[in-house]
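The values are calculated or read from the model by the stated rules, or taken from the named source; none is laboratory data. Source: prediction; values computed, not measured. Counting neighbours? That spans all protein chains shown, and the Cβs are built from the backbone with ideal geometry, glycine included. Accessible surface areas use protein heavy atoms only, side chains included; no ligands, DNA or RNA. Shrake-Rupley method; radii C 1.70, N 1.55, O 1.52, S 1.80 Å.
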Amino acid sequence: MTPFSQRRRNLGAPILVMLAAVAPFLPTLRAPFIYDDTTIIRDNVLLRGWSALWHVWSLPYWPPEGADRLGLYRPLQIALLAGVWNATGGAAFWFHVYAIALSALTAVAVWWLLRRAAGGTAALIAAVWFAVHPLHVEAIASAANSSELVVVLCIIGLVGILAGTEPRPQDMRRGWLRAAAVGALAAAALLAKESGLLALPIAALTVWGWRRSGEPSPSGAVFMRSNLRVWAASGCCLAAALLARIVVLGAPIARTSIAAQGLGGMSGSERVTAMLSLWPRIVGMLAWPTSLAPYYGPSTFPSPRLGLALMAIIVVAAIIVLAMDLARRGDRRPIVTLGWIALTYVPASNLLTATGQILSDRTLMGATVGVALGVAWAIDRSAPWARRVAIGVAMLVIARSVIVATNYSVAWTSHRALWTRLVDTYPDEHLGYKLLGMDARARGDTTRALALLTRAMTMAPADRQIRFEYAQLLYGTGRFAASARVMAPLLRDPDARSERAVVGLYLDAVGRSAGPAAVVRAAAPLLHSEAGPTAALFAGVAQEALHNPLAADSLYALGLRRDPTDTLLTAHRAMLAAKQRRGGP
């Protein structure tokens, strides 16, 4: 075989993997900014200008939050998005190109990883299986979620460095450069997404165990001792990243509960039982995904849960015992497979602490790498006849995955299509009705919006956004008394009282439905709360309408004592004083 033919043959597999990682997701290229992209990218002024590349390192992830109550700090991810914005002019098309390119690069990196300890056919089949997996749609269709791909790339990059030839002990310069590179990549994974904190342990486990059966490999103790400089440099880099996080957010973790709906009221044991009961579903999502959606709410939990949770524990324990037995016999690859699945999913699993979602497709990205490792191992280890059967089954799964991923990508081409899919897939979840109602309201279809938001609020009366959106719709259609009734429960929430739009809508609806005297009564209990300045403004205007200028001035003064910078209160008090000087009403 000529050198050219050999190179062409060597390039065939990665090119095929790259094409597989692109084709199912091409429909997303025609999509606008979708879901979180609207806030993180489209409406995020922090991305504008090349100075964003360094400014984002001092800012939390969610731009409207200021001091981020969600406890998210992902400056590397935002810097990458800022680079795309400023290089392309901010068109949604280029962000989708960027995400698909990351998908292709990640799939090729996974193929490279698989080839380190599996045959060519096994690695190719498993890499294509990974490349077309429908669970990846969310991380590709929404560029804001592409941090999942960045973390996987960082882990595989760490594997590449750690698995390379170690410098000789006397070559201090090369040794510390290698250690610094590992530390920088480990920190980059953490700065792309919080789950990246475990990137280095996953990479170290992979280097230690992802080897062919019988291939010489160091023991864990030898591996740890031979990389002391790496661990030291990585510890320093990770400590610096964590310190930056604390400085920016004011705390290492979220300062308030971010528990998703359905998790907040559970005790620790109840939450663990509920999440363990989901493992049969998670296995199904990894092996044969069906009912995929952008949101999984409380209806996702099965009933009863305890039996499924116990079954999950027993099955996982049995798999771990088998994997450890194989490792003792010289094949550590199953241990690595389990490590990828467990360590990449644990941060978002709700087993350690409650997170902002019960379950999501994107948080299983790393787990799909683990399953791909398992697929390659199973094919590589099988007898010839079993290998043919395994390859045939894998090809069937791949063909189905291409169809499912393509159809799901189409659903991600518009908000209406995505929310409709959510309602159709999970009719017992309120979020789809809320989002469809908001979309209908934005399009001016008030009849449909009223029906959808009414149903959403019936299903989730504690959802602040639903109440606010529903009240706005009622107000906009002249149903002022109903709008005030819907808003009233929100005023018991300190966070809601601190939002001028919420308090203003409530008091304005009260005034339009019952007159200025009702506004004065409704504002009275709010004057000494977070809503004080806004309540004082509306009550003062109401007192002016009731021809009580002294009471109005007193209210304006009260509001200014709580917030001396309030320009509306200042302006209204000045106008009232001018009227008094002129002797006007």
Extreme residue, farthest from L364 (Cα to Cα), among residues of region 259-290 that are modelled with pLDDT under 90 and open to solvent by 40 Å² or more (accessible area, probe 1.4 Å): G265
Anything in region 77-112 that is out of contact with any His (no Cβ under 8 Å at 6 or more places or on another chain) and either hydroxyl-bearing (S, T, Y) or part of a loop (DSSP other than H, G, I, E, B) (or both)? List them, or say none. T88, G89, G90, A91, Y98, T106
From the list A348, A367, which one is within 14 Å of the chain's Cα centre (by Cα) and either within 23 Å of S277 (Cβ to Cβ) or of a type in the set (K, R) (or both)? A348
L46 fails exactly one of (1) at pLDDT 95 or above; (2) closer than 22 Å to E148 by Cα; (3) open to solvent by 40 Å² or more (accessible area, probe 1.4 Å), namely (1)
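Just one of A571, A536 is without any contact (Cβ under 8 Å) to a residue 12 or more places away in the chain and among the hydrophobic types (A, V, I, L, M, F, W, C); which is it? Lay out the reasoning, then the answer.
Numbers: A536 fails: without any contact (Cβ under 8 Å) to a residue 12 or more places away in the chain.
One residue alone meets the criteria, A571.
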For region 253-300, name all the residues that are part of a helix (DSSP H, G or I) and of a type outside the set (A, V, I, L, M, F, W, C). G268, S269, E270, R271, T273, P280, R281, G284, P298, S299, T300
Give me the residue from region 428-450 that is in contact with a Phe, Trp or Tyr (Cβ under 9 Å, 6 or more places away or on another chain) and either acidic (D, E) or surrounded by fewer than 19 Cβ atoms within 10 Å (Cβ to Cβ) (or both) and, out of that set, nearest to Y296 (Cα to Cα). E429
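From the list A539, A578, A574, A557, exactly one residue is under 19 Å from L505 (Cβ atoms), part of a helix (DSSP H, G or I), open to solvent by less than 60 Å² (accessible area, probe 1.4 Å) and not hydroxyl-bearing (S, T, Y). Which is it?
A539
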Can you name the residue in region 333-348 that is without any contact (Cβ under 8 Å) to a residue 60 or more places away in the chain and open to solvent by 20 Å² or more (accessible area, probe 1.4 Å) and is also farthest from M365 (Cα to Cα) among such residues? L338
Being closer than 25 Å to T355 by Cα, part of a helix (DSSP H, G or I) and either out of contact with any Cys (no Cβ under 8 Å at 6 or more places or on another chain) or open to solvent by 10 Å² or more (accessible area, probe 1.4 Å) (or both) is the filter here, so list the residues in region 188-209 that pass it. A188, L190, L191, E194, S195, L197, L198, L200, P201, I202, A203
Out of region 33-43, which residues are in contact (Cβ under 8 Å) with a residue 40 or more places away in the chain and open to solvent by 60 Å² or more (accessible area, probe 1.4 Å)? R42
Selected residue (only one of A471, A462, A456 is in a loop (DSSP other than H, G, I, E, B) and within 28 Å of G264 (Cα to Cα)): A462
On the given criteria, is Y506 in contact (Cβ under 8 Å) with a residue 24 or more places away in the chain, among the aromatic types (F, W, Y) and open to solvent by less than 60 Å² (accessible area, probe 1.4 Å)? yes
